[in-house]
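The values are calculated or read from the model by the stated rules, or taken from the named source; none is laboratory data. Note that this is a predicted model, so its numbers are computed, not measured. Please note: Cβ atoms are built from the backbone with ideal geometry, for glycine as well, and neighbour counts cover all protein chains shown. All accessible areas refer to the heavy atoms of the entire protein, side chains included, with ligands and DNA or RNA removed. Shrake-Rupley method; radii C 1.70, N 1.55, O 1.52, S 1.80 Å.
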2 protein chains.
Amino acid sequence: MYRSHNCGELRASHIDNEVTLSGWVQKVRDKGFMLWVDLRDRYGITQLVFDDERSSKALMEQAQSLGREYVIQVKGTVIERASKNANIPTGDIEILVSELTILNSAILPPFTIEDNTDGGEELRMKYRYLDIRRNPVKNSLIFRAKVAQEVRNYLSNEGFIEVETPYLIKSTPEGARDFVVPSRMNEGQFYALPQSPQTFKQLLMVGGMDKYFQIVKCFRDEDLRADRQPEFTQIDCEMAFVEQEDILNAFEGLTRHLLKEINGIDIEKFPRMTYDDAMRTYGNDKPDIRFGMEFGELNDVSQHKDFGVFNSAELVIGIAVPGGNTYTRKEIDQLIDWVKRPQIGALGMIYARYNEDGTFKSSVDKFYDQEDLAKWAELTGAKPGDLICVLSGDAHKVRPQLSALRMELATRLGLRNPKEFAPLWVVDFPLLEWDEDTERYHAMHHPFTAPKPGQLELLKTDPGAVKANAYDLVMNGNEIGGGSIRIHDKKTQALMFDYLGFTPEEANAQFGFLMDAFQYGAPPHGGLAFGLDRLVAILGGQETIRDFIAFPKNNSGRDVMIDAPAPIDEKQLEELSLKLNLKSK
Amino acid sequence: MYRSHNCGELRASHIDNEVTLSGWVQKVRDKGFMLWVDLRDRYGITQLVFDDERSSKALMEQAQSLGREYVIQVKGTVIERASKNANIPTGDIEILVSELTILNSAILPPFTIEDNTDGGEELRMKYRYLDIRRNPVKNSLIFRAKVAQEVRNYLSNEGFIEVETPYLIKSTPEGARDFVVPSRMNEGQFYALPQSPQTFKQLLMVGGMDKYFQIVKCFRDEDLRADRQPEFTQIDCEMAFVEQEDILNAFEGLTRHLLKEINGIDIEKFPRMTYDDAMRTYGNDKPDIRFGMEFGELNDVSQHKDFGVFNSAELVIGIAVPGGNTYTRKEIDQLIDWVKRPQIGALGMIYARYNEDGTFKSSVDKFYDQEDLAKWAELTGAKPGDLICVLSGDAHKVRPQLSALRMELATRLGLRNPKEFAPLWVVDFPLLEWDEDTERYHAMHHPFTAPKPGQLELLKTDPGAVKANAYDLVMNGNEIGGGSIRIHDKKTQALMFDYLGFTPEEANAQFGFLMDAFQYGAPPHGGLAFGLDRLVAILGGQETIRDFIAFPKNNSGRDVMIDAPAPIDEKQLEELSLKLNLKSK
């Protein structure tokens, strides 16, 4: 038996007990005649003590030989500590060691195993097993497990059944993002790894499962943006015989439960906002509503003067920056440079200072008088002492630009407190979105989303205007979940594929099984999927998801620890090549 | 709102309530003036009633238009049923329908949606979404979810943390069974799908996670034996600072919990048996101990006579078949043919009838007298009325042969009751096993299993004799879990790879990250993995695992419903081929 107790559980009530502990040497303090060891395991730290008086010479020498991260086992007596440490739960006691066994030695770790380590990210990824010993990472993984377990308990209690769907499926038309998996048993043929279990969960609804969920890995083979992983985890859910209202209520319930159980926060009712309103008010379909700074539309009060930039713009919008009038000219110039960076892409920024005395001073005083500027203030909600920032241009460009500025300023102003949670539903998403590159409409969520009742005909005349019962759950400026009411009849689904540019043959080859299924009595259904990685990070009050993933990949999709992906050996490659029936040019 | 209640919850107490139900038409009974519909959903069946007197003509006609598996919504009043049906929970009531909406029609299903369907397996797989509507499959999936949830609750309560390990990993030397996944972002390089999270869970132990579990999909690209899937689910567990005893206790606890919660059965303490004893007594390392028929070793009492077959055999073993003396000569001949089938491979079978009067009649009376045969009876535990069956040959062949016969006879005798559960631990597995094909020793569990303390040296002189702290959890003749104490120091691990025929370079290329990890203070650790598919099937009292998998693949590894794997299109294939850097000859 390696231990009678763990390193986090001994208290004053255990004094005089004989105990056995095992763990890692966190620290050795050697004063010559006396020596202390901080012994660490997952559960905590317990102080071990050795001294000239009470410990044998051999034992003292053995203790002196210990290095950081050695794995040891000790037997000893729990004694009261002379100088108690109120910072740790075991701080009242220490162990007077009678027997020490070195279970494993350790070479010097490449970074310190401390809460604030000296290791950079790539190094910590390479030695992830050491990084996991650090409290912040260890606690993040435990936190993630707790969130997942709460999700499962809640949904199971609500009558949802967790069903495992297959990982080896069939490649889809958005195949460019599929990982494909050659099958040795079926020459020349490939599985694909699922980007989501979408079609399977719909088939479960056709199969009468009624309420399904699954915490499941999904895969996407694409260039990774920062903080995205080629494999990611979804809480995938679907319900039959539901309208949008039922789904929103069900998963608002889950989210409220998590906020309560995990964060101790009660949120009564989540606000709802249409997609159009979100775009108009925040320039963003996942607005952070922990703070205001709502957009003011200034066309009416800015396009009547001779300022050509505004006059030629489709949209003139502004925000009020609380207390922003304290910004120096230099700071404002830096802000202008910031919005002009290629990532943001604004052509410039007009500003107006709202002085404490009620007067205005703007960068366009030549064109606008005090009365004009007062209207800007009114429409942006600016108060004396604020700064009004105004961008102009094409609506679909200028809104995201001002949204980026709004978020940046809020961050600088400390308005984005990670311990504060502001969930909301964004609803009534457009069914389709225009893609500049392919010059075609694409399904905004996916091709299984149903248009709003009665809007099917509109697809022919004004596709961009068609709305769907599609919704996102947004928290603190992040989309944490999204879903829709689905099409559940073959005719509509076929029509939808047609509008999206599939030939009937293509649609049938890819999704024939689903459209067939709809013929055999498909119930109305809909669902939602949460991104677990992001949800966990937000509930955990962190911006980055990587700490909540045990073995993450870097931005090139590599696991630097195991050095994967990797070439496979010549023989294996050749065998595979033959089996795959691949021909090189 | 599609429903106020589901189809399984209305009772006499709801009489006179106005309700809304939705579901599938299970059955229509039309008597002209009166018409009943069985409305089905996941939760049950509720009877709907329409009649000339109380229903409008239009409503009657609408009801008469309904076909099987139509999806409908009805509003109506709960009324007392004239002829109650005690077989279903809703049998006291029916719904007098006032309003009927057809939500979706249905074409005729390819097989009946009944508990006993007329559909063959392949057909039911192709239309799996219809198969899932059937109670046996639906209930199996719900059962599986319940088992998984119980596992999670139990292990979480015991302090285990569920950690997700990666699916996109690195190919291993047993690469022939890995599915490989080409990475588009990393040209010419491949991920592999994990056959198990073995190395990652060991790294979590090095990382101080202490108690880990995960319910996780694993993958194996190999010819499928019956009832095996290319993707399968494991309950994967690992613990640090443990000896074998700790692990057996922990997972005996889990298994006991499941038997109690799922099956309502208390099993006090699981027996333990060494691998050698299991092979000697049952010819099998996963013995079914729900019944006896233990092997008797007959060398001493059979090799002193002139029967050359036995004299030249390494091993002569027999079993007593309870009541087997009633078998006719013809039946015994059929039994002899059965053991001679190529799948079993015995050269013949000797038998002895133990008559009720205490005398014996054997197929080798020429060589053995009554006194000899009495010794056979004693050693096989035969009683008057039994039949003694004896096989002989090389030990490693004849044991599995007699084991197969034992299992077959027990099945015929009805001794393998699926509602009875007989778990046991098989311990002290050999570290290595001889492989006839490659003429080399292979790791019996895997190369991370530690030899028993003090047996490392024996590896050089008598590798086959080295035992490991490796153990299997066996239930009803199936291995439901297996594991071992692992190597946790670099030197031993390197030595182990050396014995298994890896060059240091190969070992390092493949498992360098693990051996490196061991240098930084690896704790003693060990673990176990359950096969969830099999565990669920056994607890569910079924032989086949397929019913417990929502979307299983057939014996060729194909999902016939979605028709996967499938060829990918030319362009995709070419792009892939270029990216993979594959050269055809």
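Points to keep in mind about this one:
- Remark: mean inter-chain Cβ contacts per residue of B:68-81 equal 2, using a 10 Å Cβ-Cβ cutoff to other protein chain atoms.
- For the protein assembly as shown: rounded, prolate or oblate by the Cα gyration tensor [a/c cutoff 1.5]: oblate
- The portion of the accessible surface of the protein assembly as shown made up by carbon and sulfur, rounded to a whole percent, is 48 (1.4 Å probe; DNA, RNA and ligands excluded).
- All lysines inside 16 Å of A:Lys146 as judged from Cα atoms, apart from same-chain residues fewer than 8 positions distant: A:Lys138, A:Lys260, B:Lys211
- Each copy carries a label point for B:Glu53 at 7 Å from Cα toward Cβ; from one copy, the others' points are 10.0 nm away, ordered from shortest.
- Global form of chain A, assessed from the alpha-carbon gyration tensor, a/c cut-off 1.5: oblate
- Cut-off 19 Å (backbone N to label point 7 Å along Cα→Cβ of B:Glu18), residues of segment B:80-122: B:80, B:94-101
- Sorted largest first by accessible area at a 1.4 angstrom probe radius, with every protein chain in place, the residues A:Lys571, B:Lys31, B:Lys490, B:Lys211 fall in the order A:Lys571, B:Lys31, B:Lys490, B:Lys211.
- Per-residue ellipticity at 222 nm computed for chain B from its helices equals -9000 deg cm²/dmol, with DSSP H segments shorter than 4 residues left out and the rest contributing -39,500 (n - 2.57).
- Nearest-10 value in Å² for the accessible area of B:Arg177, using the 1.4 Å probe: 90
- Using heavy atoms of the protein chains and a probe of 1.4 Å, the accessible area assigned to B:Thr503 is about 60 Å².
- Straight-distance crosslink candidates among aspartates and glutamates, where the alpha carbon sits under 16 Å from B:Lys84 and sequence neighbours closer than 8 are dropped: B:Glu9, B:Asp38, B:Asp92, B:Glu94
- From the alpha carbon centroid of segment A:124-178 to that of segment B:267-324 is 47 Å.
- C-alpha long axis of helix B:395-412 to longest principal axis of chain B, angle in °: 30
- Lysines whose Cα lies under 22 Å from that of A:Lys57, excluding same-chain neighbours fewer than 8 positions away: A:Lys27, A:Lys31, A:Lys75
- Between the alpha-carbon centres of segment B:427-498 and segment A:502-532 there is a gap of 48 Å.
- Label point 7 Å beyond Cα along the C-beta direction, distances from B:Asp369 to other copies (nm, shortest first): 13.8
- Cα-Cα over 24 Å, subset of A:Lys217/A:Lys491; B:Lys170/B:Lys201; A:Lys452/A:Lys490; A:Lys571/B:Lys571; B:Lys170/B:Lys460; A:Lys397/A:Lys452: A:Lys217/A:Lys491; A:Lys571/B:Lys571; B:Lys170/B:Lys460; A:Lys397/A:Lys452
- Solvent-accessible surface of protein heavy atoms, probed at 1.4 angstrom with all chains present, puts B:Leu103, A:Leu248 in the order B:Leu103, A:Leu248, largest first.
- With contacts taken as Cα pairs under 8 Å and at least 6 residues apart, segment A:56-184 reaches a relative contact order of 16 percent.
- Computed E for B:His396/B:Gln370 - FRET, C-beta separation, R0 22 angstrom, nearest 0.05: 0.10
- Of the Cα atoms belonging to segment A:101-180, the radius of gyration and Dmax stand at 20.0, 60 Å.
- Accessible area of B:Lys397 in the full protein assembly, 1.4 Å probe (Å², nearest 10): 110
- Where A:Ile215, A:Ile480 fall by accessible area, highest first, once all protein chains stay in place (1.4 Å): A:Ile215, A:Ile480
- For the pair B:His442 and A:Glu314, label points projected 7 Å from Cα toward Cβ lie 6.4 nm apart.
- Angle in degrees between helix A:490-499 and the longest Cα principal axis of chain A, rounded to the nearest 10: 80
- Cα shape, segment A:12-104, gyration tensor, a/c 1.5 rule: rounded
- For B:Asp246, the label point sits 7 Å beyond Cα toward Cβ; its separations from the matching points on the remaining copies run 4.9 nm, from shortest to longest.
- Between segment A:203-253 and segment A:327-406, the Cα center-to-center distance that results, in Å: 41
- Average partner coverage of B:520-529, which counts Cβ from other chains inside 10 Å: 6
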